[in-house]
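Report on the structure given below.
The values are calculated or read from the model by the stated rules, or taken from the named source; none is laboratory data. Keep in mind the model is a prediction, meaning the values are calculated, not measured. Note that each Cβ is placed from the backbone with ideal geometry, even for glycine, and that neighbours are counted across all protein chains shown.
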Amino acid sequence: MESLKCPKCQADMVSRDLGRMSVDKCPEGHGVFLSRADLAEMIDAENDFHRDGGGFHTAPLPRITADMTTPPPATPKAPAWVATLFN
């Protein structure tokens with residue numbers, strides 16, 4: 001199989017197996033590429049990590065589904081509680 005090219009620098013992406021999934025990474029640090037199935041596998045692994053107590057003060061990621069839509073923009077948070085008194 002022909003290797004993927006980085007869309008930014010055209011370098012050959014480097015493939016790396018991560019258990020049951022694989023990712024292709026730009027050697028120049030421009031990003032990674034993975035299939036939708038591999039992304040779902042990563043999310044499942046992340047959720048397992050949190051469920052087993054590996055992630056402190058964190059929450060599991062949502063499962064990606066075909067019917068998902070982009071969430072609404074987040075409301076900017078005040079830098080401190082006292083700042084909310086003056087808005």
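Brief remarks on what is shown
- Considering the conditions (1) modelled with pLDDT under 75; (2) surrounded by 11 or more Cβ atoms within 10 Å (Cβ to Cβ), Glu2 is excluded by exactly one of them, (2).
- Note on the stretch 38-66: residues that are at pLDDT 75 or above and part of a loop (DSSP other than H, G, I, E, B) total 4.
- Residue tally, condition over 16 Å from the mean Cα position of the chain (by Cα) and surrounded by 13 or more Cβ atoms within 10 Å (Cβ to Cβ), over the stretch 5-25: 7
- Screening Pro72 with (1) farther than 30 Å from Lys5 by Cα; (2) modelled with pLDDT under 80 gives one miss only, at (2).
- Given (1) at pLDDT below 80; (2) under 18 Å from the mean Cα position of the chain (by Cα), index of the condition Ser35 fails: (1)
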